[in-house]
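The structure under discussion appears below in the form of structure tokens.
We did not get these values from a lab; they are worked out from the coordinates using the rules stated. Everything numeric here is computed off the predicted structure, so don't read it as measured data. Here the Cβ positions follow ideal geometry from the backbone for every residue, glycine too, while neighbour counts run over all protein chains shown.
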Amino acid sequence: MTTTIQTLEPAERPLQIMSSRLEGELLEVSMGPQHPSTHGVFRMNVALDGEIVRKLKPVFGYLHRNHEKIGESTSYLGSMPYTDRLDYFCSMTNNWAYALSVEKLADIEVPERAEYLRIILAELTRLQNHASLLGFLLSDMGAWGTPLMYAFREREKILDLFESLSGSRMMCDYMRFGGCRVDASADWLAQAKKIVERFPKFLDEFEKLIVENEILIARTQHVGKLSAELAISAGITGPMLRACGVNYDIRKVDGYGIYPRFKFRIPLGEHGDTYDRLMMRALEMRESIAILKQAFEQIPAGPVMNPKVKIRAFRPPVGEAYGRIEAPKGELGFYLISDGSPNPYRYRVRPPSFINLTILEDLCLGHTVADVMVILGSVDIVMGEVDR
Amino acid sequence: MSDIDEGLRSELQRQGIWVTSMQELYNWGRKNSIWPLQFGLACCAIEMIATAASRYDIARFGGEVFRPSPRQADLMIVAGTVTKKMAPQIVRLYNQMPDPKYVISMGACAISGGPFKQGYNVLKGIDRYIPVDVYIPGCPPRPEALLHAFMELQRKIDEQKLTGASKAAHLDRTHPSEFPVPAFGTHDLEPAANADVFRPMKIQRTQ
């Protein structure tokens, strides 16, 4: 699909054996919304000079399903299932971010066991999100099938845990303001522990596949470099920011929930290129496993729901609150303004993948069109969250 | 579905002779090599990938060859919420697919708008613009549900006739294989539905 043709500056014009009329002209290509590796219905208008990207314009809105508007006309509890569908890989962390905001708004306390369960589920979510991201990324690079199959094999095990706890594989709708919906049995915890203990085996196998792979290194190192200055000024968060060497993790900065009780390290990158972003996910999974192991040892008995909270006829006091967590993709926040009615007056989502996507052009300029797919994959977007 | 006498067939098979009809052979080949379009919209697309991945493995039914180009695809799995911005592209993709082509409407959103039905930008069902063969309810449907829909589609293909008055629609020259692409009007997509395709159930109200 070609449309506009522009000319380059004469100095940039490459000397090639071509007819003089075509020489140095830019070709505008529309990639998406149906494209095998655009990660959903995302569209990029790319201006190409041969294979080199000279301009890139993202086009959003193909999955805009009015999340925030529906949130304003739905009760506080009614928005919880909608948050599952924001970032549909990580419904548990979405639930937590929303529950955290409402808890801040209405000043609700959460029982100890529920806090532990939340951390266990959030870290399991991080494991399956990062595992499937690596699978998708490698399949974008041309390793069609194999890495994705390994990643999904592990993901299915974690989804089984989610299903036996909440009743749904993907759309868990598990957390409530003031705790969690149901308690996890001892069997469930034992099963989860078993899966977590076996997970490093998969990581070893997977890292062997990626770390020293020559093709992968050629495709990712020095590709899509992001400087720490640009990342900070553009508001990039999550593994993408840490890949540039900026030590910023909301689990450490805010210490929400009971994260300060856990010992874990924050992996940091050095170059901010695609390889660092990729390795960041692999290293973060190891730290998640460390958190999970501590949580399984420490989890106390007790209630999982604050009995004072009436979640059905819920009316928070007038006020506003912003709750944020470190979701697998970055800072996920919910901004709620309450006017005392059963619905929020304003309901705003701060989606990590949308804001991480804003610098896509800076990352892609000067690279080939094949690298665009790899860079986009390493940003880790989910369109449900980008367009909302 | 064959027109061959079953008794005769089993008698011949006992003698080592395998009998079939052109139609049976043709449909057998078609139903076991359905190539879906590699095309996901939202949450259901992840379950579609899970269906194609290691545990559920749609390859057991001959549907693992996901084609990125509509020109090579037989089946469109509309997996996810169809927004008004996306609907024209979906109809265009459907028009670009060669006949015979089939559509599975996966999930509540693709059937009717699902949980996002009240949204101003959500299309209330893709069957307003293109004909749908199999609907799968669920939000999102489990991979098993997609496999079930796939098997239902295989059954449907197996029953299609090559000749006669009730022959398959794609063999009928008068049957349309492309549908008008909706465009943005002043308020909404225009037309709001394709009357040739969209035949909603009439609700009978008792007084």
- Item | Pick from region A:121-166, criterion touching a residue at least 60 places away in the same chain (Cβ under 8 Å) and closer than 29 Å to residue A:77 by Cβ, ranking: surrounded by the fewest Cβ atoms within 10 Å (Cβ to Cβ) | A:162
- Item | Elements of type strands (runs of 3 or more DSSP E) contained in region A:287-372, each with 3 or more residues being in contact with a Phe, Trp or Tyr (Cβ under 6 Å, 6 or more places away or on another chain) | A:319-327, A:330-338
- Counted residues, region A:233-270 - those being under 13 Å from residue A:283 (Cβ atoms) and either aromatic (Phe, Trp, Tyr) or not in a loop (DSSP other than H, G, I, E, B) (or both): 3
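Inspect region A:71-87 for any residue being more than 30 Å from residue A:220 (Cβ to Cβ) and in contact with a Lys or Arg (Cβ under 6 Å, 6 or more places away or on another chain) and give the result as yes or no. Let's see the steps before the verdict.
Restricting attention to region A:71-87, the residues satisfying the condition of being more than 30 Å from residue A:220 (Cβ to Cβ) are A:71-85.
Applying the additional criterion that residues be in contact with a Lys or Arg (Cβ under 6 Å, 6 or more places away or on another chain) yields none.
The answer is no, given that none of the residues of region A:71-87 is more than 30 Å from residue A:220 (Cβ to Cβ) and in contact with a Lys or Arg (Cβ under 6 Å, 6 or more places away or on another chain).
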- Query: Does any residue of region A:98-117 turn out to be touching a residue at least 40 places away in the same chain (Cβ under 8 Å), under 30 Å from residue B:57 (Cβ atoms) and assigned to a helix (DSSP H, G or I)?
  - Reply: no
- Item | Identity of the residue in region A:167-224, buried (at least 17 other Cβ atoms within 10 Å of the Cβ) and within 14 Å of another protein chain (Cβ to nearest Cβ), that ends up nearest to residue A:101 (Cα to Cα) | A:173
- Message: Being surrounded by fewer than 16 Cβ atoms within 10 Å (Cβ to Cβ) and away from chain B (no Cβ under 14 Å) is the requirement here; does residue A:46 meet it?
- Response: no
- Among what's in region B:67-90 and is more than 8 Å from chain A (Cβ to nearest Cβ) and part of a loop (DSSP other than H, G, I, E, B), pick the residue that is farthest from the chain's Cα centre (by Cα). B:84
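Considering each residue of region A:129-152, count those that are in a helix (DSSP H, G or I) and either of a type in the set (Phe, Trp, Tyr) or out of contact with any Lys or Arg (no Cβ under 7 Å at 6 or more places or on another chain) (or both), and give that number.
The first filter runs over region A:129-152 and keeps only residues in a helix (DSSP H, G or I), leaving A:129-140, A:146-152.
Next, from what is left, pick out any that are either of a type in the set (Phe, Trp, Tyr) or out of contact with any Lys or Arg (no Cβ under 7 Å at 6 or more places or on another chain) (or both): A:129, A:135-140, A:146-152.
Residues in region A:129-152 being in a helix (DSSP H, G or I) and either of a type in the set (Phe, Trp, Tyr) or out of contact with any Lys or Arg (no Cβ under 7 Å at 6 or more places or on another chain) (or both): 14 in total.
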- Task: Could you list, in sequence order, all residues of region A:118-153 that are over 16 Å from residue B:57 (Cβ atoms) and among the charged types (D, E, K, R)?
- Result: A:118, A:123, A:126, A:140
- Query: Taking region B:91-106 on its own, how many of its residues are away from chain A (no Cβ under 11 Å) and touching a Pro at 6+ places or on another chain (Cβ under 7 Å)?
  - Reply: 4
- In this structure, does residue B:149 turn out to be touching a strand residue (DSSP E or B) at 6+ places or on another chain (Cβ under 6 Å), in a helix (DSSP H, G or I) and either more than 14 Å from residue B:83 (Cβ to Cβ) or within 13 Å of another protein chain (Cβ to nearest Cβ) (or both)? yes
- Item | Any hit, region A:272-289, residues being in contact with a strand residue (DSSP E or B) (Cβ under 8 Å, 6 or more places away or on another chain) and not aromatic (Phe, Trp, Tyr) | no
